[in-house]
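Read through the structure below, which is laid out as structure tokens, and then see the notes.
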Amino acid sequence: MNAIERKRYILDELQRNGSVVITDLAERIQVSSMTIRRDLNAMAEDGMVTLEHGGAVLNNGSLFECSISFKSEINAAEKKRIAAKCMEYINEGDSIFLDTGTTPNELAMLLRGKRNISVLTHSLLVANTAATMRNIKLIMCPGEFRENSMGFLGPLTDDFIPCFQIDTLFLSLEGIDLNDGISVVDVQDGHTKKVLVEKAKRVICMADHTKFNKSFFYKIAPITDVDLVVTDTGLDEATQELFRQNNIPLALA
């Protein structure tokens, strides 16, 4: 098990139990306690956990947010599959908006084969990925840079977005819940996403299975404002059925 797989395993245990014990993890993963301690130290630096004697406790709640570096490591395979599925909803001549986040950036990487596409974004990751693609028109939004989002946000961004026609918005988020809708931690990030949802003709949420049944500090929009949720096959059957019963379309990647 490599470092990324260990961190994912540890995160799964933390989300299930709320806390972990170093010696217990070391025995189950079959690595040294020092290796687990290093992993937990790295997760603590990212703000994910609080270290305690012999283990760690998950930092959760409506204001908890992973760093962008950790987000890029977790559920990477699922994010690639979600991005590949989203390609089915992009047609020649479309104007699309790619949100901040690691999953929209995975989608950006797949656009090289598309032609006559206008891509709007406020994501530095997406802009860097698409900058050399001569087959698309890239438009970058202004704004104030936020490191955890790796994007530009705020009043400048919000005023710039309505200048354009957005056929499809590919939206990232922290939480998706039938009752509380779609949400994120940061108010500024959330308000920009709210502007995007209001402007776009079609809203497609890109959400791996770990985002479901969770609510965070800033509510972007009710779930009924979403046209499609693209997720991975790790989403449990009970949640899938609840979404179908509420007429929220799901596409599994």
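Please determine whether any residue of segment 110-122 is buried (at least 17 other Cβ atoms within 10 Å of the Cβ), basic (Lys, Arg) and closer than 20 Å to Ile204 by Cα. Yes: segment 110-122 contains one or more residues that are buried (at least 17 other Cβ atoms within 10 Å of the Cβ), basic (Lys, Arg) and closer than 20 Å to Ile204 by Cα. Beta carbons closer than 8 Å, at least 6 apart along the sequence or on distinct chains, pair a first residue in segment 106-134 that is in contact (Cβ under 8 Å) with a residue 60 or more places away in the chain with a second that is open to solvent by 40 Å² or more (accessible area, probe 1.4 Å) and of a type in the set (Phe, Trp, Tyr) for His122/Phe152. Counting the residues of segment 1-24 that are over 20 Å from the mean Cα position of the chain (by Cα), open to solvent by 60 Å² or more (accessible area, probe 1.4 Å) and not charged (D, E, K, R) gives 5. Would a scan of segment 49-56 turn up a residue that is at pLDDT 85 or above and either closer than 30 Å to Ile136 by Cβ or touching a His at 6+ places or on another chain (Cβ under 7 Å) (or both)? No, segment 49-56 contains no residue that is at pLDDT 85 or above and either closer than 30 Å to Ile136 by Cβ or touching a His at 6+ places or on another chain (Cβ under 7 Å) (or both). Looking only at segment 1-26, residues that are over 13 Å from Gly55 (Cβ atoms), out of contact with any Asp or Glu (no Cβ under 9 Å at 6 or more places or on another chain) and in a helix (DSSP H, G or I) come to 6 in all. For segment 171-188, the count of residues that are open to solvent by less than 60 Å² (accessible area, probe 1.4 Å), part of a strand (DSSP E or B) and at positive phi is at least one. All of (1) out of contact with any Leu (no Cβ under 6 Å at 6 or more places or on another chain); (2) surrounded by fewer than 21 Cβ atoms within 10 Å (Cβ to Cβ) hold for Phe152 with one exception: (2). For segment 79-100, the set of residues classified as part of a loop (DSSP other than H, G, I, E, B), of a type in the set (Gly, Ala, Ser) and touching a residue at least 40 places away in the same chain (Cβ under 8 Å) is empty.
Against the conditions (1) at pLDDT 95 or above; (2) within 20 Å of Glu198 (Cα to Cα), Gly101 satisfies every one except (1).
Do we have Ala131 as surrounded by 17 or more Cβ atoms within 10 Å (Cβ to Cβ) and not β-branched (Val, Ile, Thr) here? Explain how you work it out, then say what you get.
Details: surrounded by 17 or more Cβ atoms within 10 Å (Cβ to Cβ): no; not β-branched (Val, Ile, Thr): yes.
So Ala131 fails the test.
Annotation: Val195 fulfils all but one of (1) of a type in the set (A, V, I, L, M); (2) free of Cβ contacts under 8 Å to residues at least 24 places away in the same chain; (3) under 22 Å from Arg146 (Cβ atoms); the unmet one is (2). The set of residues in segment 72-108 being of a type in the set (Ser, Thr, Tyr), open to solvent by less than 50 Å² (accessible area, probe 1.4 Å) and within 15 Å of the chain's Cα centre (by Cα) consists of Thr100, Thr102, Thr103.
The values are calculated or read from the model by the stated rules, or taken from the named source; none is laboratory data. Because the structure is a prediction, the values reported are computed rather than measured. Positions of Cβ are generated from backbone atoms using ideal geometry, with glycine treated the same way; all protein chains shown enter the neighbour counts. Surface accessibility is based on the protein's heavy atoms, side chains included, excluding ligands, DNA and RNA. Shrake-Rupley method; radii C 1.70, N 1.55, O 1.52, S 1.80 Å.
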